Structures are given as C-alpha cells and as structure tokens.
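Have a look at the structure below, then the notes.
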Amino acid sequence: MLDWASGTDPKERIRFIAQLMTTVETEREAKAVMNAAARIKRRQRKRKYQEEEEKEAKKKKLTLTEPAPCEPEHVRIQPWWKRFDRSDVVAIDTEYVERKKFDPNTNKYLNQRTGEFVAGSVAVVDSNGRCLLNKCVKHPKWSFFVDKHTKRANGFEPHSLMNGEDFMKIEEEVAALLEDKLVIVCGGNFIDFTCLGLEPGNYEKFNLHQFFYRTFYSSRGKVDLKDIGLRSLVFQFYKIDIQDSAHSALTDATYTMKIFMDHYVKLKTENVEDPFDRKRCHTIFNDFEQLNDKTKETLKSKYKV
C-alpha cells in the first residue's frame, strides 16, 4: 500500500483525498478518508506553529547576542588615586619626641611634660621608594623626654639630636616636597604633619588605616575598628620585622609607600572612587595577625623567619 500521507506537499495530499472521495463506496471508507484529511490538517497546523516558534527563537537569539554599546570613557568609574600621576605620590614618616618644659629663669629644661610632640627625624620617599629627604631635627641635650619606652620606639638618647638640622629649615623643605602631592601615611592621626608644624588640612593625604583595619562587634552589636599597624602589615605581606628594634623614619616611609603601591591599589576593588573605607566597616583583614614584642617570637617561629 502506498504511504500517501508522507508526501511533502500538503496540497497534493488533499487533492489525492478529494479524488479518493469520488471513488469510495461505503460509509466506512468515507470515514477513513475524512480522518486522514483531519490528520493532514493537524500536521499542517503543527508545522506552521513550529516554524513560527523557530522564527521567534532566532529573533530572541539575535537580540541576546547583540553587543552592548560601548560605555563612554568619561562615564567609567575611575579609582580615586588615578587622579594623581605616579610622580605626584609621596610617603612621609616622622619619629617624634616630647619636649620638656623650659625654665627661662634658670635657662634649663625641667623634667616636666608639656604634651608637645615635635619631630626628631623625618623621611620622605617617592612612589618608587626613592629617598627624597632623610634628616634629623636639632634638639638640645636633655630637652626632650627619654625613657625605656621612647628609646624602644625612636632610639633617641638625650644627646642623639644635638647635631640635627634647624627645625624651621626642615619644615620648609618638607612643605615644599609635599605641596600638590598625594601624601601617604600610616597611622598617627596625621602627627607626621603636626609635629613639623604643618597643617594636615593643607595637603592631599591618605592614611593606610582607612583600608587596613580589623572589624569587631560587641555582644550589643557595637562596631569597633582596630588599626593594623605598619609593623604587622609589613610582616603580613613581606614576612620581615622592620621594627624589631627602634623605628627608622626612612624604613617606615619606604614600606608605607610599598604597601600602598604593591597591595592597596590591587586589593581596593570595591568603591574605588572613594578612599574612605572606614565608614563601610569591612572585614577583609580580620584574619591578619598582630606582630608586636609579645608575639614576635611565636610568629617568627611559625613562619620560620
């Protein structure tokens, strides 16, 4: 028996059925012919529906794969530090001392605290870590407080700064180096400026502690931010202890810049247009270990350094 329903042309199949209808003799044969015609019509409708679906799918595919228009350059978010040329980025660090009270009647310094902190040494480096300035400030013998704590921090003895340079001269030199620059510091509430007689508000500055800190929450949900000191940051990234003995202004300034250039600009991937991360209270560095005189032996043994 011929498979007349498998033909590709629907009109030919219907024409065939029409011719067949003229030759049927019984009701059963007529019913079979009518059923066959109904099946052909259903197939026609199904095929038409499939063709329409395929056309629609092609339209959607074209829409989905159409490339998005390029975003204008001026619309893209620029990292805040990109506003400065690399040559306009410097780092500063000072080691300061606390002046003693001076008695003009005896022309001697009294063993009384004044709360006045002034620079003992200062260093400025450029974005490549090259030293731009590294000087000690002149202070008379016994004119500032010295004890085991200050010697551990800055290494100054009562006579250490007698041969330093004039305070005003160094202040002017530093001010000239910082003018119109982005100044990177680490901690100290900008004491690196104030101990030189410089007004922090006159300079573009960035404190690494805006980004490098730990976040803790009390049982009542109160947020507490703990700065990660330069000593701990350097150990975390480079596995060396730069403050195993007295601090060095030049070493601290060098690593302040190194951390900014090597790590901050790479780790700062969110809100890149805004340098003030402390207001967002992130927890990125909560697992950073704290290096100090109590923990140094344990950490050095742990990392075999």
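The values are calculated or read from the model by the stated rules, or taken from the named source; none is laboratory data. All values derive from a computational prediction rather than experimental measurement. Methodologically, a virtual Cβ is constructed for each residue, glycine included, from the backbone with ideal geometry; neighbour enumeration extends over all protein chains shown.
The table below lists the values:
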{"quantity": "Tally of residues being under 17 Å from ILE77 (Cα atoms), touching a helix residue (DSSP H, G or I) at 6+ places or on another chain (Cβ under 8 Å) and part of a helix (DSSP H, G or I) across the stretch 252-293", "calculated": "2"}
{"quantity": "Strands (runs of 3 or more DSSP E) (entirely within the stretch 113-226) containing at least 3 residues that are closer than 30 Å to ASP293 by Cβ and in contact with an Asp or Glu (Cβ under 9 Å, 6 or more places away or on another chain)", "calculated": "131-136, 213-217"}
{"quantity": "Number of the condition not met by LYS268 [criteria: (1) at pLDDT 95 or above; (2) exposed (fewer than 13 other Cβ atoms within 10 Å of the Cβ)]", "calculated": "(2)"}
{"quantity": "Answer from ASP103, ASP93 - the residue that is of a type in the set (Asp, Glu) and surrounded by fewer than 20 Cβ atoms within 10 Å (Cβ to Cβ)", "calculated": "ASP103"}
{"quantity": "From the options VAL124, VAL118, VAL146, residue that is in the same structural domain as THR194 (by TED's automatic domain parsing), touching a helix residue (DSSP H, G or I) at 6+ places or on another chain (Cβ under 6 Å) and either β-branched (Val, Ile, Thr) or without any contact (Cβ under 8 Å) to a residue 12 or more places away in the chain (or both)", "calculated": "VAL124"}
{"quantity": "Residue within the stretch 233-242 that is touching a strand residue (DSSP E or B) at 6+ places or on another chain (Cβ under 6 Å) and closer than 28 Å to ASP262 by Cβ present", "calculated": "no"}
{"quantity": "Members of the stretch 108-142 found to be surrounded by fewer than 13 Cβ atoms within 10 Å (Cβ to Cβ) and small (Gly, Ala, Ser), listed by number", "calculated": "GLY115"}
{"quantity": "Residues of the stretch 252-292 classified as charged (D, E, K, R), in contact (Cβ under 8 Å) with a residue 40 or more places away in the chain and over 18 Å from LYS205 (Cβ atoms), total", "calculated": "1"}
{"quantity": "Hey, PHE190 surrounded by fewer than 19 Cβ atoms within 10 Å (Cβ to Cβ), in contact with a strand residue (DSSP E or B) (Cβ under 9 Å, 6 or more places away or on another chain) and without any contact (Cβ under 8 Å) to a residue 40 or more places away in the chain or not", "calculated": "yes"}
{"quantity": "Where a residue in the stretch 163-185 is modelled with pLDDT of 95 or more and its partner, wherever it lies, is among the hydroxyl-bearing types (Ser, Thr, Tyr) and in a loop (DSSP other than H, G, I, E, B), with Cβ under 7 Å and at least six apart", "calculated": "LEU178/TYR203; VAL183/TYR203"}
